[in-house]
Amino acid sequence: MGSTVSTGRLLLTWAVIWSLADQQRSRAGENLPQKPFAQSVWLPHDGQFVVTPWYQYSEFFHIWRGRKQESIETDPGHDGHGFDLNDGILFLDYGIATNWAADLALGYTSAATRAFDPNGNPRTTQGVMDSTFGLRYQAFHESTGEVGWIPTLTFRAGGVFRGRYHPDFPFAPGSGSVGVEPSVLINKRFGWQGLSAYGHTGFRWMRSGGNDQWFAAMGLAQEIKQFTLNLGYRHFGNTAGEDIGGSGTNISYSRFVQEIKEEIQGGVGYTTAKSHIHYQFYLAKVLDGRNTGSALTFGLFADFPIGK
């Protein structure tokens with residue numbers, strides 16, 4: 001009965017947001033708060049809050065206009081003058097019950113570039129990031145399962161609400177839409193002590209623009225005492241859309257652009273022994289794509305558990 005009520009409330013919340021959503025379709029790239037390495041597979045304890053301050057920075061000096069890669073540096077050999085993106089995020093996680101948790105991510109973003117101005121003048125946009133919220137259910141936990149091969153498995157029903165950056169900014173920092181995001185997270189220990197594999201995949205139905213998205217990530221983690229080393233791969237892609245047009249500083253960035261990117265990710269985490277505060281540093285690099293930037297991203301966050 002309780003789970004039915006919770007699901008009903010979640011669907012009602014989505015319906016209200018859906019009806020109040022701005023109908024404007026914006027030009028944007030993926031920039032949604034999402035913990036790397038499928039770390040949201042783990043839930044807080046019942047009644048426990050986890051507060052996560054988070055900073056992320058990305059830059060790129062090359063883009064794929066369609067499938068063709070080109071430089072956007074306005075001053076090669078000096079400071080580059082490419083594209084910069086800064087995100088400040090607050091992630092909140094709460095343990096509702098033994099197998100249930102709710103999460104909310106809020107943030108502020110700013111983007112800047114000189115690449116698409118004929119005179120090389122800086123162009124910027126900033127504002128509230130796309131926000132995400134979700135309800136997670138952990139169906140299995142391998143440490144309590146009777147069958148050895150069953151992994152830790154968590155389902156998430158989430159939503160996306162568009163931010164307040166400038167909608168016509170090329171490579172605008174967000175999905176630019178309201179959406180619904182179901183996803184699945186998995187983690188399984190195997191081999192020697194401390195080694196595990198992770199996976200995370202999901203789909204986003206985007207109301208504004210109808211440009212739906214699919215993402216998938218997989219990789220390995222190795223625990224060494226209080227440290228954790230991560231290495232993995234992530235794919236992201238719009239299911240449809242158009243290519244970026246124009247040439248040089250002249251860019252035609254459709255409201256239905258199809259962004260695709262193939263990315264490698266790595267990170268180092270550290271968890272304190274007594275307070276169980278988890279510090280995480282990560283790096284990501286886009287190696288191939290379509291209508292996206294060859295971004296190098298680094299991020300740092302810390303999970304502070306409050307409560308039992």
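Quick note: the coordinates plus some simple rules give every number you see, no bench work behind them. The structure displayed is predicted, hence computed values, not measured ones. Neighbour counts are summed over all protein chains in view; Cβ atoms, including those assigned to glycine, are modelled from backbone coordinates with ideal geometry.
Value of Rg to Rh for the range 131-177, rounded to two decimals, is 1.32; Kirkwood radius and Rg both from alpha-carbon coordinates. Taking only the C-alpha atoms of the range 167-308, the Rg (one decimal) and the largest Cα-Cα distance, Dmax (whole number), read 18.3, 57 Å. A DSSP coil position with no more than 13 other Cβ atoms inside 10 Å describes the following chymotrypsin sites (Phe, Trp or Tyr not before Pro) in the range 169-231: Phe190, Trp192. For the pair Phe298 and Gln193, a Förster radius of 30 Å applied to the C-beta separation gives a FRET efficiency near 0.55, rounded to the nearest 0.05. In the chain, the calculated helix contribution to ellipticity at 222 nm averages -2000 deg cm²/dmol per residue, counting -39,500 (n - 2.57) for every DSSP H run with n ≥ 4. For the peptides 230-239, 32-41, 290-299, 216-225, the ranking by packing is 32-41, 290-299, 230-239, 216-225, with the highest mean count of neighbouring Cβ atoms within 10 Å listed first. Go through the range 39-141 and name the trypsin sites (Lys or Arg not before Pro) that are in a DSSP coil and have 14 or fewer other Cβ atoms within 10 Å of their Cβ. In loop regions of the range 39-141 (DSSP not H, G, I, E or B), the sparsely surrounded trypsin sites (Lys or Arg not before Pro) are Arg67. Between the helical axis of 2-20 and the longest alpha-carbon principal axis of the chain there is an angle of about 10 degrees.
How big, on average over all directions, is the shadow cast by the Cα convex hull of the chain, in nm²? It would help to have the intermediate numbers written out before the result.
Numbers: hull surface 67.5 nm².
Computed as one quarter of the Cα hull surface, the answer is 16.9 nm².
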